[in-house]
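Since the structure comes first, as structure tokens, the remarks are kept for the end.
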Amino acid sequence: MTLNSVVVALADWLIQRACRRLRSRDRDERYAEWSAEIPAILDDPDVRPALRRAWRALSFAADQRRTTVALRTSREHTVAERFWAVANIVATAGAIVGGMGFAVAAAVGNVSIAVGTIVATVGVVAAIVGLALVVARVTWKLVGIVVGATAGVVVSAPVSCACLTGLFTYYHVAVVRTSVVVANPHNDIVAAVGIGTIAGLVGCVDIGIGVLGCALHARARVRARAHARARLLEGTVVELW
Amino acid sequence: MKLTPALEQVLRAFLEEPAADRYGYDLMKIAKLPSGTLYPLLSRLEDKGLVTATWEAARQDGSGRPPRRFYRLTGEGLRVARMELAQHSLGSPATTTRRPASRPAHGGAR
């Protein structure tokens, strides 16, 4: 295996990936054209040493890929961004809610309640986040994301409070039934409501963080796309001739 | 019309030898542009009928190299390129100061 064969294989792979982004009617021709340049670059007598030629061949292929990525259709872009936005927000919310659930588990020392808390809260949060996400992505602008975040927080607060309050009330009853430690049931319920409210607010913050992450992610992607387009337009004719 | 610096470089590369066939890699070297900038430009120029692209005949030298595609200015492309570069040289002092050394004489062609 020589350096050239490795470079040809790598460049070919990059060009194949670049061509996947092209329209089907252009794909084969562009692949044939670009891949035919690689051996020519590797045999260029004006460029020495061989390592520099190899670098140039790989740069040729990599730059084609960069450009075709920048040129991909808006539909592909939207789908990809939505996927990453969903993954981002669900991962953020899930991680924080999971941590909160285990914190509750540690506090009450009851595994079944902890699991119930996690499942219920994750379910509620996922539903609310999904709703917020749908609202936010309709316009695909920061305003939409802010509206989505606000909607998510407003809706999730009472839902999360109710959910956690119910669970803590259940905990209270379970503790009474098993006669573990309950000095004053009324105080326990008040405490449960208080804790549930706090947990609900924490859930709101979770969602806010998730949506903020989504917004920042979207902003970064939009900026990256604008940068790529600007770079492309630098070399492309706008309103040509 | 908007003549970008990259387009200007490509046109000047073509006008160095208007009748010559130019491979993409040759144009990259002459115009000093990356492939991702050059090929979209060539594609646009081809769409506008200013450049024509042709596949070279299959090689018989036993090297196993695939045929390459080369580009050439059309008659209309030659006329437009000369005219635009001339206008640009007259009307854009900012660009002139940017690359004074590499700018050939008016029109750039022989």
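Bear in mind that the values in this text are calculations on the coordinates, not laboratory data. Please read all numbers here as calculations on a predicted model, not as lab measurements. Every residue, glycine as well, gets a Cβ built from its backbone with ideal geometry; the counts of neighbours run over all protein chains shown.
Distance between the modelled labels on A:Val69 and B:Lys29, one decimal in nanometres: 2.8 nm (7 Å Cα→Cβ projection).
As a calculated quantity, the FRET efficiency between A:Trp55 and A:Arg25 at R0 = 41 Å, using C-beta atoms, amounts to about 0.80. Between A:Ala32 and B:Lys48, the simple label model (points 7 Å from Cα in the Cβ direction) yields a spacing of 2.7 nm.
By the beta-carbon count within 10 Å of each Cβ, the least crowded to most crowded order of A:Met1, B:Met28, fewest first, is A:Met1, B:Met28.
Among the residues of B:60-68, the average count of other protein chain beta-carbon atoms within 10 Å of the residue beta-carbon is 3. With neighbours defined as other Cβ atoms within 10 Å of a residue's Cβ, the residues A:Arg20, B:Arg69, B:Arg22 order from fewest to most as A:Arg20, B:Arg69, B:Arg22. Listed from fewest to most Cβ neighbours within 10 Å, the set A:Glu29, A:Glu37 follows the order A:Glu29, A:Glu37.
Kindly give the semi-axes, whole Å and largest first, of the ellipsoid equivalent to region A:3-72, taking each as the square root of 5 times a Cα gyration tensor eigenvalue.
Gyration-tensor ellipsoid for region A:3-72: 23, 11, 9 Å.
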